[in-house]
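Scroll down for the structure; my scribbles are underneath it.
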Amino acid sequence: MASVTYDHVWKKYGDVVAVQDLNLAINDKEFLVLVGPSGCGKTTALRCLAGLEEITEGRVLIGDQVVNDVAPKDRDIAMVFQSYALYPHMTVYDNMAFGLKLRKMSKEDIDRRVMESAKTLGIEGFLKRRPKELSGGQRQRVAVGRAIVREPKVFLFDEPLSNLDAKLRVQTRAELTKLHQRLQTTFIYVTHDQTEAMTMATRIAVMSKAKLQQLDTPQMLYDHPANMFVAGFIGSPAMNFFKGKLRSDNGRYIVDLGSFAVPIPDKDKEHYQPVLDKDIIFGIRPEDIHTPEFAPPGIVAEPVDVKVDVTELMGNEIFLYLVSGQHNFIARVDPRTQVKFGDETKVVFNMENYHIFDPSLDPENPPVV
């Protein structure tokens, strides 16, 4: 098994920077997820590790070995792609065994590894079938099995679930998590789906515009985002953002949002004193906005007048798309809430969970204060 280190890694295509000064240490046996929107550099970073892309500057290490000049086949890694990349004329057994045959392993070792991997993935009954006779989920498991039989130091996954339907994605996510726990090896997984990242990762590396934005555990990213991009990317529905100003009113600090204002708790006043009387961006998650009758006990907040624009019943909750003045935002409320399109109602904000961002430090991606 092995750790992986990106040491000041850059990847440029002419004048286009695909990965910018990436510093990332991945621990042995960790399940690390690289997440971000399309074009952010996450797949390029994975391909640099695999040796499929030559890095422009910096070093990539697997364990203590610098692998910049090591051929992909000698890096002791296995990669699972978005497309299953199975040989259509071969059986499942032969697809899984193909790489081992190229290494001239004995038939007994090949058979042992293939059967163990097939049993782990629940595909031992499909070994005589060809890929066209399998469902999408079964093909993906074969692709994973082909990687497992190699017994590599590091597994690389490049959006392996994106071709599966929603139900199968959930099932396969759980299977990959259990697989990681059984194999006890290093997994590096690329996805644009923050739900996959939150549910599977030991730690998450969030990327945007070729840069690493934040590296932390899923819960810490959710509770303590470093900047507005991370705050908006992690969580579904996304965090609500409001442009406003922090001002003082009779000793209280008020976030003035134009059509309404919300006071911040007195215990937070000292922390936010540096942005007093400055333009700020106020952020709060939909799950921290409630209708007063179903607000959790202990929330003390002034109600905000809103108009209901859209309602989405999800069964265990309702998404309310709300309008107040120039602000449009989403609340995730109790399913017993009785409101419909066009209703005027009130909501309260849970001011134990909110964020304030300072656009004066970075207008494009304001950091959290």
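The values are calculated or read from the model by the stated rules, or taken from the named source; none is laboratory data. Source: prediction; values computed, not measured. Note that we place each Cβ from the backbone using ideal geometry, even for glycine, and neighbour counts take in every protein chain shown. These area figures cover heavy atoms from the full protein model, side chains too; ligands, DNA and RNA do not enter into them. Shrake-Rupley method; radii C 1.70, N 1.55, O 1.52, S 1.80 Å.
Structural remarks
- Considering only Cα atoms, the convex hull volume of segment 109-200 works out to 96 Å³ per residue.
- Within the accessible area of the chain (1.4 Å probe), percent carbon and sulfur: 49
- Gained length - residue 29 relative to residue 105, 0.36 nm times residue gap less alpha-carbon distance: 24.8 nm
- Summary of the geometry: segment 84-150 and segment 225-295, compared by the centres of their Cα atoms, lie 53 Å apart.
- Highest average first, the peptides 5-14, 284-293, 150-159 ordered by how many other beta carbon atoms sit within 10 Å of their residues are 150-159, 284-293, 5-14.
- Each peptide in 59-67, 72-80, 264-272 gets a packing score, the mean of other Cβ atoms within 10 Å over its residues, and the list from highest to lowest is 72-80, 59-67, 264-272.
- Positive-pole candidate from 91, 197, 296, dipole of the chain, charges at beta carbon: 91
- When only the Cβ of Lys, Arg, Asp and Glu is charged (+1, +1, -1, -1), the dipole of segment 308-369 relative to its Cα centre reaches about 280 debye.
- Sparse-neighbourhood loop sites, trypsin sites (Lys or Arg not before Pro) in segment 277-362 - DSSP loop, at most 13 other Cβ within 10 angstrom: 336, 340
- By the combined test of axial Cα extent (at least 20 Å) and Kyte-Doolittle hydropathy (mean at least -1.0), the qualifying DSSP H helices of the chain come to 166-183.
- All distinct Cα pairs of the chain go into the 1/r average, and the inverse of that average, the Kirkwood radius, is 23.3 Å.
- Across segment 1-135 the C-alpha pair distances fall into 5 Å bins from zero in the proportions 2, 9, 15, 17, 15, 14, 13, 10, 5, 1, 0 percent.
- Alpha carbon convex hull of segment 183-291, volume per residue in cubic angstrom: 152
- Summed over the residues of segment 4-81 and divided among them, the accessible surface reaches 45 Å² per residue at a probe radius of 1.4 Å.
- Whole-number accessible area per residue in Å² for segment 159-227, which is evaluated in the context of all protein chains at 1.4 Å: 44
- Charge dipole (the chain, unit charges on Cβ, about Cα centre) - positive-most of 188, 137, 55: 137
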